[in-house]
Amino acid sequence: MSTSQPAYPTSNSELLQGVIERLTYHSSESGYTVARLKAPRSHELITIVGNFATIQPGQTLQLQGYWKDHPKFGPQFQVIRYQETKPATLTGLEKYLGSGLIKGVGPVTARRIVDHFGLDTLEIIERSVERLIEVPGIAQKRVEIIRQAWKTQKIIKDVMLFLQSHDVSTVYAVKIFKHYGQDAITTVTQNPYQLATDIYGIGFITADGIARKLGITPDSEFRYRAGILYTLGQAGEDGHCFLPFTELVEQGINLLELPDYQPEAGRIIQQITPMALNEEIILQGGTGEWNSQHLCYKPAFYRAEQSLAEHVYTLLQQPITVDLPRVEGWIQRFIQKTGIHLSEQQQRAVIMAASQRLLILTGGPGTGKTFTTRTIVALWKAMGKTIALAAPTGRAAQRLTEMTGQEAKTLHRLLEFEPQSHGFKRDGDHPIDAQAIVVDETSMVDLFLANSLLKAVASDAQLLLVGDGDQLPSVGPGRVLNDLIKSRLVPVIQLTEVFRQAQSSQIVVNAHAINQGEFPQLESVSNNPRSDCLWLGAPEPETGVQAIQDLLTDFIPTLGFNPQRDVQVLSPMMRGAVGTRQLNLTLQEFLNPSSPDKSELTRGSLRLRVGDRVIQQKNNYDREVFNGDLGEVTTIDLEQQEIHIEFGGRSVIYDYADLTEISLAWSITIHKSQGSEYPVVILPLYMQHYLLLNRNLIYTALTRAKELAILVGPKKAIALAVNQVSARERYTFLPDRLLAQTRMGTFEGFVDHL
């Protein structure tokens, strides 16, 4: 069927028209397609690549896009937008109808219809479909099937044309159609801001652009409400659980301002009350430091924080009967048997683990958290308890397994995540099947995961949370470990004594110095290093990049380390000459260069090769791969359009359309390194990072190194990081909620650390 010509932009793009000869690949989920097109005056088929809601051989398409040269398959036309036009010949009509596009019409039926109606075929189907009964072999039942199938195709075409005419890219257009179906035009027309809520990848800015093109006024209630929700959502991305009322209004004004429009604070405030009545947001009166301020939550954040406080309180209320003299006797026998000294703090931790429902074990590097945890697990085994071990990431779980000699799982696996429901099997009705649970690297656990964990701990079980509160907080919202400690209601054992063996490591000594705000003792890189913590003073970012290459080429191999396998470059940020993006491009060419026997592909700005180290950028519950997991590209199947990546010995298959989830990981941000350890860490620190430099950041980065850490950059940047206590505090209300729980009940809690 014919459609009107959209207004295509002409800069940096071309128009191409032709008939689809065959499909090489098409994902029904994402719409990502590789197809072969027959264009007029072209003797060879053209490969086109893009996103299509539906596509079949025989379709005549007008495409807008640009040419790109594939390293193996040659020139390809990358499609930005498309529209379908009528086939111009009887042969084209026959192929189009018989391609499988219309249910009920195969090649034989298509030939009969075209033989009967000729070039009027599509007009007949469009306006007088009942006349198909005239074609030999087509019964009334088949006519109705064709009528419905054609109606569906018409809806798809109308939706795609409508969206593309409003400058919605084909990638988003396919997502919108897949989500809303025939209601897409109605939804987008009435409230395009709904897209930001319903469809992953379409944020407020994109939806706002669509709304402006549709003529929706800047002071629309839809726009104000969407802006408020987006502002709260962005606060969650920054780690906050809520925003103070005045800050929500201020940020909302900044977001909604346009070159030709200045929003009024009063209009934003007017929208917050009805949104609260409809429970689109939750307003809560503050207490303590928030006594004169309302707290504004997205409902899921409010419920998770409240639920977590209730479950912590409930667990703390459950008494435990234990024979403490017997536990103390076991500890002495354990010390004699192993010949390993336990400090008074460590012995106290083991006793508390035997007698408390919930215990936090914290401390810096070298203070014995590992051996204390291992001793607690041994005690619980001696007491006949069933034990479960877990950590937020696969690497941290693997380390916990090595530490205790017992299998540890990721928290998602322990809680038995279900991709279909995007929830956990383990909850209050089906708790974790263990009498004692250890969770390591708890500083990484965000609000939602902590809530799911506490829900799934049986009322008669015990929970040990192990972590270092001086590490960077979780990537997700909240600061759960620090909030539980701050509440003074949860028993805490803080290990402070640095053991003699750990004192021989300058990494450990410097980490504690940094934590105290002292400049670390750094040995300059030389041919005969005496320390495991070194410094290379390349003064500028550009010289820093070259210095890192020199370290990988000339220095690190002489110490017995493999640059490709043992070294992780950490950076405070993604942008800039020594940000992860640029470093990854440089290090990829250096550590994993292109070669004729190595498959590679390019998708947008991402170029992947077999042997590349990559990182998962978002939780993918279907694949059981999570934000921050590191893997290695093992296979690139150019025919099947698949990438095989190995994560911790498990091979995971990615479709080309899903490669936005991963990026190169020769260099990663310090945030992404949490919960991991590497033989060698190289850490570039420059003043261009000044907005992100703080004590937690450099402390976390340094403690990721097991055997060698090398800081690169001017001492001025290192000093700035050491002296800057922390980035902006996160907005959380968990300690106050825990205190509120105690006021509602009779539980007195702990007034000080144990």
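The values are calculated or read from the model by the stated rules, or taken from the named source; none is laboratory data. This one's a predicted model, so the numbers in the text were calculated from it and none came from an experiment. With ideal geometry, Cβ positions are generated from the backbone for all residues, glycine too; neighbour counts draw on all protein chains shown. Just the protein is used for accessible areas: all its heavy atoms, side chains included, with ligands, DNA and RNA removed. Shrake-Rupley method; radii C 1.70, N 1.55, O 1.52, S 1.80 Å.
With the condition kept exactly as written, say whether any residue in the stretch 552-560 is in contact (Cβ under 8 Å) with a residue 24 or more places away in the chain and in contact with a helix residue (DSSP H, G or I) (Cβ under 6 Å, 6 or more places away or on another chain). Yes; the residues of the stretch 552-560 include at least one that is in contact (Cβ under 8 Å) with a residue 24 or more places away in the chain and in contact with a helix residue (DSSP H, G or I) (Cβ under 6 Å, 6 or more places away or on another chain).
The set of residues in the stretch 149-166 being among the polar types (S, T, N, Q) and more than 12 Å from GLN182 (Cβ to Cβ) consists of GLN164, SER165. Filter the stretch 299-329 down to the residues that are under 19 Å from LEU248 (Cα atoms), surrounded by fewer than 18 Cβ atoms within 10 Å (Cβ to Cβ) and hydrophobic (A, V, I, L, M, F, W, C) and list them by number. Result: ALA300, single match. Of all the listed residues (LEU522, LEU608, LEU570, LEU534), the sole one being at pLDDT 95 or above, crowded, with 17+ Cβ neighbours inside 10 Å and out of contact with any Ser or Thr (no Cβ under 6 Å at 6 or more places or on another chain) is LEU534.
Kindly provide the set of residues from the stretch 406-426 that are over 18 Å from ALA388 (Cβ atoms) and either among the charged types (D, E, K, R) or in contact (Cβ under 8 Å) with a residue 24 or more places away in the chain (or both), ordered by number. Step through it out loud before you land on a result.
Start the filter on the stretch 406-426 by keeping residues that are over 18 Å from ALA388 (Cβ atoms), which leaves 418-423.
Correct list: GLU418, PRO419, HIS422.
Restricting the stretch 25-52 to residues that are under 26 Å from the mean Cα position of the chain (by Cα) and of a type in the set (Gly, Ala, Ser), which is surrounded by the fewest Cβ atoms within 10 Å (Cβ to Cβ)? Here the answer is SER28. Of the helices (runs of 4 or more DSSP H) lying entirely inside the stretch 240-353, those carrying at least 2 residues that are within 30 Å of GLY209 (Cβ to Cβ) are 245-256, 265-277, 299-317.
For the criterion of being closer than 28 Å to GLY648 by Cα and modelled with pLDDT of 95 or more, LEU358 fails. Among the residues of the stretch 251-298 satisfying the criterion of being surrounded by fewer than 12 Cβ atoms within 10 Å (Cβ to Cβ) and touching a strand residue (DSSP E or B) at 6+ places or on another chain (Cβ under 9 Å), which is farthest from LEU447 (Cα to Cα)? So, considering only residues that are surrounded by fewer than 12 Cβ atoms within 10 Å (Cβ to Cβ) and touching a strand residue (DSSP E or B) at 6+ places or on another chain (Cβ under 9 Å), the one farthest from LEU447 (Cα to Cα) is THR273.
Output the strands (runs of 3 or more DSSP E) that fall wholly within the stretch 565-623 and possess 1 or more residues being touching a residue at least 60 places away in the same chain (Cβ under 8 Å) and closer than 20 Å to HIS689 by Cβ, or say none.
Details: elements: 567-571, 600-603, 606-609, 613-616.
Where strands (runs of 3 or more DSSP E) fall fully within the stretch 565-623 and carry at least 1 residues being touching a residue at least 60 places away in the same chain (Cβ under 8 Å) and closer than 20 Å to HIS689 by Cβ, they are 567-571.
For the stretch 188-209, the criterion of being closer than 30 Å to TYR96 by Cβ and either charged (D, E, K, R) or crowded, with 16+ Cβ neighbours inside 10 Å (or both) is met by at least one residue. Applying the criterion of at least 1 residues that are at pLDDT 95 or above and open to solvent by less than 10 Å² (accessible area, probe 1.4 Å) to the helices (runs of 4 or more DSSP H) found wholly in the stretch 420-508 leaves 447-455, 480-487.
Regarding PHE162, is this residue closer than 30 Å to THR206 by Cβ, open to solvent by 20 Å² or more (accessible area, probe 1.4 Å) and touching a residue at least 40 places away in the same chain (Cβ under 8 Å)? For PHE162, the condition - closer than 30 Å to THR206 by Cβ, open to solvent by 20 Å² or more (accessible area, probe 1.4 Å) and touching a residue at least 40 places away in the same chain (Cβ under 8 Å) - is not met.
In the list LEU738, LEU697, LEU683, which residue meets the criterion of being within 28 Å of the chain's Cα centre (by Cα), within 30 Å of TYR297 (Cα to Cα), modelled with pLDDT of 90 or more and not in a loop (DSSP other than H, G, I, E, B)? Before you say what the answer is, go through the steps one by one.
Working: LEU738 fails: within 28 Å of the chain's Cα centre (by Cα); LEU683 fails: within 30 Å of TYR297 (Cα to Cα).
Checking each option against the conditions leaves just LEU697.
Sort through THR367, THR375 and tell me the only one that's among the hydroxyl-bearing types (Ser, Thr, Tyr), part of a loop (DSSP other than H, G, I, E, B) and over 30 Å from ASP622 (Cβ atoms). Unique residue meeting the criteria: THR367.
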